[in-house]
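The values are calculated or read from the model by the stated rules, or taken from the named source; none is laboratory data. Everything numeric in this text was worked out from a predicted model, so none of it was measured. For neighbour counting, all protein chains shown are included, and Cβ atoms are generated from backbone atoms with ideal geometry for every residue, glycine included.
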Amino acid sequence: MSNPHPTHRRIIFWWVFLRSPQVTLASFLTLAVIALLIFIIPQYASVNNGTLGLLSGFIHELFLATSPNYILNTLFFWLPVALLTLNSFIALADYSQPTWQRWQNTPEISWQHPLAHRVEITTDPSASLQHLKSNLIKYNFTPHEIIIANDIKIVASQNRLGWWGPVGFYLGCLSLVLALMGSHYLAQSNYIQLLPQNSQESTLAQGNFKLIKVDDQGRLGQIEYTFQNNSPQELTWSLYWPKWLHNNLAILTEFQPMLKVSATNNQGQAIRLMPIQEDLSPDEQIYLPLNDDPVYFRISSIGLNFQVIPQTESEYNVQIQQQNETIPAINLTTKTGEPFKVDSFTVTFTLTHQVKLMIYRNETLPLYLLTFILLIMSLGYSFMRPPVQFWFIQESNGQLYSVAEGFKSAQKLQQFIQLLLESKSKDLVVKSEDLDSSL
């Protein structure tokens, strides 16, 4: 037979490479890293035109294709998805029909499963085929005897359903691809920020959320949820622990420590306070996000600026200065819950938390469930009950040609053949424990 054309060899090489489990594993690992990055890097659904005011055309599209802040729209995400799709289609094209043939009672010996090991032994038989059949039946194999010309062949199998494991796995991969594509176009989400005793409406969840309280450690939150006009229900939530609310997933993504500031005059009337941060609004009670940096606010009616520097979880250094001065006029230390006086005003700090809640709706969630079932069941069954296929052929010259194939190591398959070919049944009984463990 002539050697295949170089182009044909290259096609075969890339076909086998793209079908390989290594490509499948690389695709899954890449998607897992991307999923981790989504939780680490802030993601945006659309581009801020102000940020990209000078970008247009190809540069704009290149930004979308490479920016980590829009990772679900980038090549970093869609290239591994495309690779997994191609890998799954090629694997299914190669595995499906031969796996169906393996499912039959008398599979052909000419095709070897690419993921299976095969052992071939030619011996002078010390045991008859009839004795082999009885031994195979003893160990839960189903033997079938075939006579072709002068050759007598016994075909035996065990756990044949396990041959469908790779097919089920790659069907699960395609289900995952469909779920990811559906999520890209159908998924909706919005974020709600809740302060204690404040409520926010979510059109996606079709209801209102109200933060009742957060525990002292900032790990558990009690939130009241009212769906449409129904009675409110109180839910206890942990960070990143999802809850299912009327076809939506609701996830607490952040507990942000906040410093609640309030001030009253000598008559007990609340004073309007003005936070220095641009994204915060003036109010009689303001909430300042706490971290290691100082926070600022102002009492405009008396022209005083406040700088608050966290010292511990409950203790703060407060520096107060006139608006037109650079040196603080007052420097004091206070604790949360302990009011302090400035001129004719009383200022109180209270430690509280802001909760960030993500509402997520995705019509393709059943596909993710199907994916999980297919992947777990196919892998689990193939590894826990691996299939084994035997061919014993009594050739016309008297020799016995034995072939074993399965998702077990070649060493165990060879040990299995050798044990079955033992001539004395008592030896098989003695070594039955070894035979069972080799399966």
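Residue-wise test of (1) more than 25 Å from residue 276 (Cβ to Cβ); (2) in contact with a Gly (Cβ under 9 Å, 6 or more places away or on another chain); (3) surrounded by fewer than 16 Cβ atoms within 10 Å (Cβ to Cβ).
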{"position": "193", "(1), (2), (3)": "no, no, yes"}
{"position": "234", "(1), (2), (3)": "yes, no, yes"}
{"position": "237", "(1), (2), (3)": "yes, yes, no"}
{"position": "241", "(1), (2), (3)": "yes, no, yes"}
{"position": "247", "(1), (2), (3)": "yes, no, yes"}
{"position": "258", "(1), (2), (3)": "no, no, no"}
{"position": "261", "(1), (2), (3)": "no, no, no"}
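Residues that are among the hydroxyl-bearing types (Ser, Thr, Tyr) and in contact with a Ser or Thr (Cβ under 6 Å, 6 or more places away or on another chain) were ranked within segment 234-275; the one that is nearest to residue 287 (Cα to Cα) is 262.
Quick one: is residue 416 among the aromatic types (Phe, Trp, Tyr), in the same structural domain as residue 134 (by TED's automatic domain parsing) and in a strand (DSSP E or B)? Can you show your working first?
Numbers: among the aromatic types (Phe, Trp, Tyr): yes; in the same structural domain as residue 134 (by TED's automatic domain parsing): yes; in a strand (DSSP E or B): no.
For residue 416, the condition - among the aromatic types (Phe, Trp, Tyr), in the same structural domain as residue 134 (by TED's automatic domain parsing) and in a strand (DSSP E or B) - is not met.
Check segment 282-296 and report whether any residue there is touching a Lys or Arg at 6+ places or on another chain (Cβ under 9 Å), modelled with pLDDT of 85 or more and not in a strand (DSSP E or B). Yes, that holds for at least one residue. Going by what's in this entry, would residue 72 be described as assigned to a helix (DSSP H, G or I), out of contact with any Cys (no Cβ under 6 Å at 6 or more places or on another chain), more than 29 Å from residue 372 (Cβ to Cβ) and modelled with pLDDT under 75? Answer is no for this residue. Residues in segment 337-368 that are more than 24 Å from residue 199 (Cα to Cα), surrounded by fewer than 19 Cβ atoms within 10 Å (Cβ to Cβ), modelled with pLDDT of 90 or more and β-branched (Val, Ile, Thr): 346 only.
Looking only at residues that are aliphatic (A, V, I, L, M) and touching a residue at least 24 places away in the same chain (Cβ under 8 Å) in segment 287-312, which one is nearest to residue 198 (Cα to Cα)? Don't jump to the end; show me each part of the working.
Step one: list which residues in segment 287-312 are aliphatic (A, V, I, L, M), which gives 288, 290, 295, 299, 302, 304, 308-309.
After this cut, where a residue has to be touching a residue at least 24 places away in the same chain (Cβ under 8 Å) as well, the list is 288, 290, 295, 299, 302, 304, 308.
Working: 288: 15, 290: 19, 295: 22, 299: 24, 302: 29, 304: 28, 308: 24 Å.
Going through the qualifying residues, I end up with 288.
Comparison of 171, 178 shows that the only residue that is closer than 15 Å to residue 379 by Cα, out of contact with any Lys or Arg (no Cβ under 9 Å at 6 or more places or on another chain) and either modelled with pLDDT under 85 or aliphatic (A, V, I, L, M) (or both) is 171. Evaluation of residue 159 against the conditions (1) buried (at least 19 other Cβ atoms within 10 Å of the Cβ); (2) at pLDDT below 85 shows that the sole unmet condition is (2).
Just to verify a result, which residue in segment 77-95, among those that are of a type in the set (Phe, Trp, Tyr) and out of contact with any His (no Cβ under 8 Å at 6 or more places or on another chain), is nearest to residue 170 (Cα to Cα)?
As a first pass, look at segment 77-95 and keep what is of a type in the set (Phe, Trp, Tyr): 77-78, 89, 95.
From what is left, the residues that are out of contact with any His (no Cβ under 8 Å at 6 or more places or on another chain) are 77-78, 89.
Numbers: 77: 19, 78: 18, 89: 8 Å.
So the residue we want is 89.
Looking at segment 189-280, what strands (runs of 3 or more DSSP E) fall wholly within it and have at least 1 residues that are of a type in the set (S, T, N, Q) and more than 30 Å from residue 368 (Cβ to Cβ)? Show your work before the answer.
Values: elements: 199-202, 207-214, 220-227, 233-238, 249-264.
Of the strands (runs of 3 or more DSSP E) lying wholly inside segment 189-280, those with at least 1 residues that are of a type in the set (S, T, N, Q) and more than 30 Å from residue 368 (Cβ to Cβ) span 199-202, 249-264.
Against the condition out of contact with any helix residue (DSSP H, G or I) (no Cβ under 9 Å at 6 or more places or on another chain), of a type in the set (S, T, N, Q) and crowded, with 17+ Cβ neighbours inside 10 Å, how does residue 277 come out, does it pass? Taking the combined requirement at face value, the residue does not satisfy it. Here 123, 66, 99 are screened, and the one residue that is at pLDDT 75 or above and more than 18 Å from residue 157 (Cα to Cα) is 123.
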